[in-house]
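Since the structure comes first, as structure tokens, the remarks are kept for the end.
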Amino acid sequence: MHIVDSLERGGLERVVTDLAIAQKRQGQDVCVLSLLDTEGLKSELLAQGVEVVVAGKTRPFDLRVLRTIRRSAAERQVEVVHAHNFVPNYYAAVALCGMPRRPTLVGTCHDMGTRLSSRKLSLFYAWSLRRTAAVAMVGRQVHDRFVGGGIVPGAKATTVLNGIPVERFAPSAERRTRARAALGLAPDALVIGAVGRLVPLKNHRLLIEALPTLAALHPQLRLVLIGGGPLEQELRDEATRLGVAGRVVFAGLRPDVAELTPAFDVFAMPSLTEGLSIALLEACATGLAVVATRVGGNPEIVSHGHTGLLVPAADAGALQQALAELLGQPAQRERLGQAAAAWVRAHASIDTLCRAYDDFYARARGRPAPQVLAA
């Protein structure tokens, strides 16, 4: 049983959905429990035969949710409860206390833990970790943050890189043509794209601020922002103030991101913080040249000069220079994009993720790792 805050569209929710579907296809009995009322990716899970339980959380510590988790685990004879991030972890830990044939509780930390600045959440999470058999971190930087910061005991911690169904993102000329038509982009447009919620930590403002200078060099330049959020109107106003509103496409929150990213020439991630970004993995799998900030797990995906370019966080000049370099050099974009796609296929596929979690579950339960038979 996977436990998540919700199934609304985001990187964590995407990776849990893909993992649960892959586990189901491999013959495992798997379900996903959402603490909050949710739609989002729910229909995708149900269409693939993965049961979804919605606990309907409505208050800060909801006893009904605890009863739903406990009852669901007992009725399904769940052996492993896999909690994703902090609130699901402490809800699961409380709900499973005293259960006959108590399932093994494991967790995954999907980001750098900025929410743990809340003292109450930090204390609840620390309590839950004493009842958690093992904790996976989605990258080395996340591991160092939690273990080095004394949040997660080193003996319980391991690193499991995120994975994606790479076949969904295979680049082709046909996909590029369809994506540009869907976004209303001209065939000869030069396109910078970004995927992520329009929130301060994603720092999309830097991309808009770079547009006037970049557009002077490339008159056909466009910026596409896929994702919704509270900063949308502020970003629209900034684009208008800078005279580039006609160059920015606000595509909104979309269920078909994989079908739209082939429209891009360059993928930009100016975030101030990241875990191991699913959007970044998907961009690499699409064969896009990437400019990303050197934060969180980004350097674990992007090797500077080999699979993309890395710049310091919040450095507008460095971001603009890297974008200008890639926009002006099609051959370099092609080289970096091909190398990035090859890296994802080798190191971050959903099959690799499933094997890693099978091993993680076995070790958490004190059992030998499952054997993988050669075809």
Considering residues of segment 39-49 that are surrounded by fewer than 20 Cβ atoms within 10 Å (Cβ to Cβ) and not charged (D, E, K, R) only, the residue nearest to Tyr90 (Cα to Cα): Gly40
Residues located in segment 2-18, provided they are open to solvent by 20 Å² or more (accessible area, probe 1.4 Å) and not in a helix (DSSP H, G or I): Asp5, Glu8, Arg9, Gly10
Residue that is least open to solvent (accessible area, probe 1.4 Å), among those in segment 69-80 that are in contact with a Lys or Arg (Cβ under 9 Å, 6 or more places away or on another chain) and of a type outside the set (Gly, Ala, Ser): Val80
Arg333 vs. criteria outside any strand (DSSP E or B) and open to solvent by 50 Å² or more (accessible area, probe 1.4 Å): no
Wholly within segment 155-241, strands (runs of 3 or more DSSP E) carrying at least 1 residues that are open to solvent by less than 60 Å² (accessible area, probe 1.4 Å), among the aliphatic types (A, V, I, L, M) and in contact with a Pro (Cβ under 9 Å, 6 or more places away or on another chain): 190-195
Residue, nearest to the chain's Cα centre (by Cα), within segment 104-133, restricted to residues that are more than 11 Å from Gly275 (Cα to Cα), buried (at least 21 other Cβ atoms within 10 Å of the Cβ) and small (Gly, Ala, Ser): Gly107
Residue in segment 24-35 that is in contact with a Leu (Cβ under 9 Å, 6 or more places away or on another chain), in a loop (DSSP other than H, G, I, E, B) and either modelled with pLDDT under 95 or among the charged types (D, E, K, R) (or both) present: no
Test: residue in segment 356-367 that is outside any loop (DSSP other than H, G, I, E, B) and touching a helix residue (DSSP H, G or I) at 6+ places or on another chain (Cβ under 8 Å): yes
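Each row is one residue, and each column tells you yes or no for (1) crowded, with 20+ Cβ neighbours inside 10 Å; (2) within 17 Å of Phe169 (Cα to Cα).
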| residue | (1), (2) |
| --- | --- |
| His304 | no, no |
| Ala314 | no, no |
| Gln321 | no, no |
| Leu326 | yes, no |
| Ala339 | no, yes |
| Trp343 | no, yes |
Leading residue by the ranking (farthest from Pro165 (Cα to Cα)) among those in segment 19-36 that are open to solvent by less than 10 Å² (accessible area, probe 1.4 Å) and touching a residue at least 60 places away in the same chain (Cβ under 8 Å): Gln23
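The values are calculated or read from the model by the stated rules, or taken from the named source; none is laboratory data. Owing to the predicted nature of the structure, the values given are computational and were not obtained by experimental measurement. So basically every Cβ, Gly included, is an ideal-geometry build from the backbone, and we count neighbours across all protein chains shown. For the accessible areas, the whole protein counts, side chains as well, though only heavy atoms, and no ligand, DNA or RNA atoms are used. Shrake-Rupley method; radii C 1.70, N 1.55, O 1.52, S 1.80 Å.
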